[in-house]
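Every number in this text was worked out from the coordinates using simple rules, so none of it is lab data. This is a predicted model, so every value here is computed, not measured. Here the Cβ positions follow ideal geometry from the backbone for every residue, glycine too, while neighbour counts run over all protein chains shown.
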Amino acid sequence: MLNGNGTPERPHIIGIIVRDLGDWLGCYGRPDVESPALDALAAQGAVLEMHFSPAPSCSAARASIMTGRHPQSHGILGLTHRGWRYRQGEMDLPEILGRGGYHTALIGVQDERQEPWDLTFAEADTAFPDAPAAAEGLSAEEIGEKAVAWLANHRTDAQPFFLLLGFADIHRPYGREYDEELAETLDVPAFLPDTPLVRADLATFYERIKEIDAAVARVLNALDDLGLSDDAVIFVTTDHGPEFPRAKMTLYDPGIKAAFICRWPGRIPAGRRLARLTSHVDVLPTVLDIAGLGVPARVEGGSFLRRLRGERGETRDAIFAAMTWHGGEYDPMRCVRTWRYKFIRNYQPGWPVQISGPVAQRYGSDFLVEHFATPRPAEELYDLVNDPGETRNLIEDPGHEVVKDELADRLGDWMATLSDPILRGPISAPDRGRTGSGSVWAKAPTHEPSEQEFRWAILRTKNFGEDPIEIER
């Protein structure tokens with residue numbers, strides 16, 4: 001679209017952030033997942049095949065998308081409804097775009113701010129529940145309806161707009177509805193045990209993805225009907241991986257791998273797939289690049305727009321991620337991931353991976369103890385080419401000592417650059433009254449003290465509505 005002087009106008013920008021999706025879409029090589037609208041969008045634009053979140057926790061990850069900065073920098077090291085807040089002076093994407101001449105609007109969930117007066121959108125249709133897991137607000141269908149109406153009301157605006165849609169339907173609880181035939185035939189990922197319960201649970205997850213896809217289809221059809229498709233950039237991403245054991249709340253790839261799809265007709269070649277490492281901290285500078293706005297000096301990421309367009313541009317050779325607090329559990333860890341290797345440092349070793357309350361309710365303690373009660377060491381090193389499931393820790397392997405030392409040094413340099421607070425000791429929660437959890441590991445000595453082993457159990461402290469699924473045997 002050209003203005004009266006024959007020069008390109010700034011495009012409208014529509015962002016879609018889906019909670020807990022990871023890269024679970026058909027266009028990411030998951031044929032069991034039914035996502036035709038999102039797959040079609042990917043075919044019309046570009047797909048980032050190696051995109052990662054800098055945090056496997058909701059608020060921290062989304063805040064990194066919105067600021068272009070890592071959690072240690074923007075200050076949200078845990079969930080905002082547990083008391084975490086941006087550091088004073090942080091500027092986020094809607095504020096920067098608003099100052100740059102964009103009209104900004106939010107429909108659906110956001111997880112970076114907890115008070116209505118603190119939002120930097122010009123307008124917002126969102127909920128501010130005290131506990132997001134208990135009341136997410138708008139459903140995918142409602143968001144789709146509201147987005148279509150909003151676009152119809154703003155289709156002739158001379159001012160460019162930034163519309164952000166926040167979908168929460170994939171956040172647990174998933175419920176108990178699923179396709180039984182699909183549950184029997186789907187591929188179970190390597191990080192989960194292949195059992196009837198896991199298959200049924202995955203199928204409930206896939207049902208929620210279908211709901212999101214249907215809502216996205218409505219928005220895409222509305223853009224076509226309103227004549228806005230050629231004048232708008234649309235991108236789709238997620239905060240982090242799905243809420244399964246050894247995924248969300250961990251630094252393994254199922255926890256930090258994220259989808260990113262972007263369509264810009266005439267500017268981004270259709271069907272482009274970018275096999276380059278990218279991070280959520282790169283999203284804000286990319287969007288500002290699209291909008292023709294400068295990037296604040298404090299931003300830690302870099303624009304990948306040139307790469308999306310098929311041009312030469314800077315690329316990463318590593319991404320970094322951090323976990324500190326999630327709900328009420330303290331589980332600090334940091335990692336660096338290159339193309340081939342991942343190095344993880346656990347600051348509270350000796351405990352298994354965190355298990356969320358809904359997952360504990362769904363699977364039960366016996367199942368989780370059997371499959372996931374392995375204590376983690378202080379350091380982990382994985383060869384992602386030969387061991388994509390991250391099951392063989394090479395930290396003690398003499399043949400990988402040089403790699404381990406190089407990555408450990410690189411991780412340390414990154415943490416020092418960010419003045420990571422973990423370098424100064426344990427990080428306290430901002431509000432100790434909100435540190436209760438829905439699920440915690442408990443350990444006790446065996447009956448024979450000399451064995452130096454522990455018996456593990458999962459303690460669940462509240463009802464999350466994620467009832468176990470009754471499986472026909």
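Net charge near PRO468, counting Lys/Arg +1 and Asp/Glu -1 over other residues with Cβ under 10 Å of its Cβ? Residues close to PRO468 contribute a combined charge of -2. Couplings for the range 298-305, taken from phi via the Karplus curve 6.51 cos²θ - 1.76 cosθ + 1.60 with θ = phi - 60°, read 6, 5, 9, x, x, 5, 10, 4 Hz in order; Gly and Pro are left as x. Contact order for the chain, expressed relative to its length and based on alpha carbon pairs under 8 Å spaced 6+ residues apart, stands at 21 percent.
Return a whole-number percent for the relative contact order of the range 55-175, with Cα pairs under 8 Å and 6 or more residues apart as the contact set. Before the final figure, lay out the partial values.
Working: 169 pairs, mean separation 29.8, N = 121.
Answer for the range 55-175 is 25 percent.
Among 55-64, 262-271, 326-335, how do they line up by average Cβ neighbours within 10 Å per residue, starting with the highest? Numbers along the way, then the final one.
Values: 55-64: 29.6, 262-271: 16.7, 326-335: 21.3.
Order by mean packing, descending: 55-64, 326-335, 262-271.
Volume of the convex hull of the chain (Cα atoms only), normalised per residue: 152 Å³. Think of the chain as a dipole: +1 on every Lys or Arg Cβ, -1 on every Asp or Glu Cβ, centred on the Cα centre; then among VAL369, LEU38, ILE268, ILE268 lies furthest on the positive end.
Compute the angle between helix 140-154 and the longest alpha-carbon principal axis of the chain, please, reported from 0 to 90 degrees and rounded to the nearest 10. Helix 140-154 sits at roughly 20 degrees to that axis. For the range 123-206, the alpha carbon positions stretch 54, 30, 22 Å along the principal axes, listed from largest to smallest. So what is the 222 nm mean residue ellipticity for the chain from helices alone, if each DSSP H run of at least 4 adds -39500 (n - 2.57) and you divide by all residues, rounding to the nearest 500 deg cm²/dmol? Roughly -8000 deg cm²/dmol at 222 nm, from the helical runs in the chain. The C-alpha atoms of the chain define a longest principal axis, and helix 401-417 lies at about 60 degrees to it. With 5 Å bins beginning at zero, the pair-distance distribution over Cα atoms of the range 158-316 amounts to 1, 7, 13, 17, 17, 16, 13, 9, 5, 2, 0, 0 %. Taking Cβ atoms as reference points and 14 Å as the exclusive limit, the residues near HIS51 contribute a net charge of +2, counting Lys and Arg as +1 and Asp and Glu as -1.
Measuring between their Cα centroids, the range 219-278 and the range 299-328 lie 14 Å from each other.
Which of VAL219, VAL402, VAL283, VAL188 comes first, and how do the rest follow, when ranked by fewest Cβ neighbours within 10 Å?
Values: VAL219 22, VAL402 9, VAL283 28, VAL188 13.
In increasing order of surrounding Cβ atoms, one gets VAL402, VAL188, VAL219, VAL283.
Against the chain, whose longest principal axis comes from its Cα atoms, helix 58-67 is set at around 40 degrees. Under 12 Å from a label point set 7 Å out along the Cα-to-Cβ vector of ASP230, no amide N atom of the range 151-177 is found.
Please tell me which of these pairs span more than 25 angstrom C-alpha to C-alpha: LYS210/LYS462; LYS342/LYS462; LYS248/LYS443; LYS146/LYS210; LYS248/LYS462?
Too far apart for the 25 Å limit: LYS210/LYS462; LYS342/LYS462.
Count Lys and Arg as plus one, Asp and Glu as minus one, and take only other residues whose Cβ is under 11 Å from that of PRO31; the net charge is then -3.
In the range 12-317, the DSSP beta bridges split such that about 20 percent are antiparallel, to the nearest 5. Taken one residue at a time, the phi angles of the range 217-222 give Karplus couplings (6.51, -1.76, 1.60, θ = phi - 60°) of 4, 4, 5, 5, 5, 5 Hz. Gly and Pro are set to x. Compared with the direct C-alpha span, the chain from ARG392 to ALA152 gains 81.1 nm at full extension, assuming 0.36 nm per residue.
At 25 °C and a viscosity of 0.890 mPa s, what translational diffusion coefficient does Stokes-Einstein give for the range 34-77, taking Rh as the Kirkwood radius over Cα pairs? Give it in µm²/s as a whole number.
Calculated translational D: 203 µm²/s.
A cut-off of 5 Å between modelled amide H atoms, ignoring neighbours fewer than 5 places along the same chain, links SER439 with GLY357, THR461.
Just want to confirm a number: the relative contact order over the range 321-460, from Cα pairs under 8 angstrom separated by 6+ residues, in percent. Working shown, then result.
Details: 198 pairs, mean separation 37.1, N = 140.
This gives 27 percent for the range 321-460.
If the chain linking GLU180 and THR417 were pulled fully straight, counting 0.36 nm for each residue of separation and taking away their Cα-Cα distance, it would gain 80.3 nm. Given in Å, the Rg to one decimal and the Dmax to the nearest whole number for the Cα atoms of the range 59-178 are 15.1, 46.
I need the shape label for the range 321-460. Rule: rounded when a/c is under 1.5, else prolate if a/b > b/c, else oblate, with a, b, c from the alpha carbon gyration tensor. Show your work: numbers first, answer last.
Details: a/c = 1.86, a/b = 1.31, b/c = 1.42.
Cα axes put the range 321-460 in the oblate bin.
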